[in-house]
Every structure is written in C-alpha cells, then in structure tokens.
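Contents: one structure, followed by commentary.
The values are calculated or read from the model by the stated rules, or taken from the named source; none is laboratory data. Everything quoted here is computed from the prediction, not taken from an experiment. Cβ sites come from the backbone with ideal geometry, for glycine too, and all protein chains shown count toward neighbours.
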Amino acid sequence: MVRVGVSQNAIRRAAAREAVGKHLNVQFTDVTVPAAEGTFGSRNEGVQDSLSGVKEVGNGSPSLIFVYSDEMKPQAKGSKSAGEPTAQAKDSALAWEELFQREGDYTVFIPGRFFNIVKMNATGVPAAKNKYLGSEKAPVVILTHKDGKVEEVFEGKAKIKGVVVAKGMVDILQKDGYITTIGQFAELSGLMVELEKIELAVVIAKEDEGKRRGKVAETQAKTAKRAAKSDKEVKPSKTADAAEKALEASDAALNEKLKGKQEILKKEFALLQELNLPADKMPKEPVGP
C-alpha cells in the first residue's frame, strides 16, 4: 500500500536499496553490553576486557561492534508525554544511519561481508557496570581482528564516519591476511551502485509488465464476450493485438534488465573469489540470464 506523503519514485528507490541490501546479506547479531568492573590502564584495555565474554567476537572473523543506546530521558512524575530520547540515543541513531542506511552508499557493507557485525545494546547500562561501553558513552564503534584483539575504537557521532570506519576495516583485512590489495573494494562498491540502478530499472519494468498483462487480460475478456454473442469466429481486435505486442515488448525489456543484473552479479562473484571471501559468506554463484 502506498503511504501517504511518500512518492512512488521514493518507494521504488527504497525497494531497489532493499534488494541490494538482501543481496549483500551482511548479518547483524544483537548482544547486550557486558560488565567490566575492573580498573584498566587504558580505554582500549577496558574495551578489550568488555569483549572477552562476547562469543561473537574473536571467533575466526574480524568484528565490527556498534554500541548504541535507546535510552529515554526521565519524565516528570505524572507526565503523559511519550518522552524524549537522550542525546546518546539520538547520536546512536544518526551514527547507525551514517554507516548502514545512507542512500546509495555501500562503503561499510563491502568490507562488512568479511566481518561479524555486532549490535551491542548499552541502554540502561550505568558507568558503574561498564564505564567504557555504558549508555553514557554511546555511540561507540569497535573494530577487532579475527582473534578478537581490539584495533580501533571510534567514540561519539562526530568520529563515526563511514569512510573512516571502512578504511579501518580494510586495514584489518590486510593485516589479518584476507586481502593484499584494496582496488577490488572500490570496484565492488561501484558494482553495488550499478546494481541498485538496475534493481530500480527492474522494479519499473515489472510495473510496466504488470500493466501490460492487465491490458491483455482486459482485451481477451472483451473478445471472449463478443465470441459468446456470435455464432461466427471472432478475431481479436486491433486493440487486443496492440496489447499483445506491447506485452511482448515489455517482457523483452524486462529480460534485458535481468540479463544486465546477472552480468553485474557475475563480475561481483569473480571479484569476491579473488578476495577469498569465506565460503559461508559467498553469495550463490549466478547462473543463466
């Protein structure tokens, strides 16, 4: 159903982005901030200790841990207001959008295929329980190596920028021996931008095909109705013939778009093989048009 105030083009673009997102298949795991009540010499040591009990970190793949808060400001007694998010909650939402929801931007998603992406909920976690990753510190982004060792910590919305975080991710992939060159990442990012464009074209082509099929069904029904009233053979009208030809043209246009999509997916698959993406994270090999 079309939402009020949202244009059809915006809905189509959202559908195209969603299709690319599903294809990229970057998995997100939800955990809660663990306790870290000891005293440590540095922030990174405290963060490292906080992650020591998180089984999703250090399991053979590098990790990106996104620490966020959904905390609401306390309301006055008897207030009927729904409340307002804290500054940390607002900044967490903006930081998440920066990394994972920017239109046409797959900067983090591309290296993200190699990573475990962990969403760590700090809502309601006081500094007394974890002064390094409690709700007052959110948002925080932590990058670790495949053995779980912390490499970088980005604290606060101002420091959490997609291009900076992505560079840190690629650096880890190089240090951990996953890749030797970063040229393919730029190429992969470009392919995903092209894929989004063609997904949009496919959405529009399918809409057109649907309309054409509806028109063919309408003319066929009219022909059948005329035939039922006549003892003679009734030929399809010129309108019916035109509708059939328009549908054929629409089908051909859609098939061309789908062929273009497969070509992009084949290029991507070959690049991912060159990068030695782990088998369990590889997309299915594209076959056929």
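Among residues of the range 85-105 that are outside any loop (DSSP other than H, G, I, E, B), those with a beta-carbon under 8 Å from a residue that is of a type in the set (Val, Ile, Thr) and surrounded by 19 or more Cβ atoms within 10 Å (Cβ to Cβ) at least six positions away or on a different chain give the pairs 95/141; 95/160; 98/160; 99/108; 99/141; 99/160; 99/165; 100/108. The set of residues from the range 237-265 being of a type in the set (A, V, I, L, M, F, W, C) and either farther than 14 Å from residue 218 by Cβ or not in a helix (DSSP H, G or I) (or both) comprises 249, 252, 253, 254, 258, 264, 265.
Against the definition (in the same structural domain as residue 277 (by TED's automatic domain parsing), in a helix (DSSP H, G or I) and closer than 24 Å to residue 23 by Cα), how does residue 172 come out, yes or no? No. Scanning the range 214-243 for residues that are in contact with a helix residue (DSSP H, G or I) (Cβ under 6 Å, 6 or more places away or on another chain) and within 30 Å of residue 15 (Cβ to Cβ) yields 215, 216, 219, 243. Would you confirm whether any residue within the range 232-249 is surrounded by 13 or more Cβ atoms within 10 Å (Cβ to Cβ), out of contact with any strand residue (DSSP E or B) (no Cβ under 8 Å at 6 or more places or on another chain) and under 17 Å from residue 198 (Cα atoms)? No, because not a single residue in the range 232-249 is surrounded by 13 or more Cβ atoms within 10 Å (Cβ to Cβ), out of contact with any strand residue (DSSP E or B) (no Cβ under 8 Å at 6 or more places or on another chain) and under 17 Å from residue 198 (Cα atoms). For the range 266-289, what are the residues that are part of a helix (DSSP H, G or I), under 21 Å from residue 19 (Cβ atoms) and modelled with pLDDT under 85? Matches in the range 266-289: 281 only.
Only residues that are within 30 Å of residue 268 (Cα to Cα) and either in a helix (DSSP H, G or I) or at pLDDT below 85 (or both) were counted across the range 1-56, and they come to 20. Among the residues of the range 132-147, those identified as buried (at least 19 other Cβ atoms within 10 Å of the Cβ) and farther than 20 Å from residue 105 by Cβ are 132, 133, 134, 135, 137, 138, 140, 142, 144, 146. May I ask you to verify whether residue 284 is surrounded by 15 or more Cβ atoms within 10 Å (Cβ to Cβ), under 23 Å from the mean Cα position of the chain (by Cα) and basic (Lys, Arg)? In short, no.
Of the residues making up the range 209-231, just one is surrounded by 12 or more Cβ atoms within 10 Å (Cβ to Cβ), farther than 30 Å from residue 256 by Cβ and hydrophobic (A, V, I, L, M, F, W, C), namely 227. Scanning the range 17-39 for residues that are free of Cβ contacts under 8 Å to residues at least 60 places away in the same chain and farther than 30 Å from residue 277 by Cα turns up 38, 39. Residues in the range 146-167 that are outside any loop (DSSP other than H, G, I, E, B) and within 16 Å of residue 67 (Cβ to Cβ): 150, 151, 152, 153, 154, 155, 157, 158, 159, 165.
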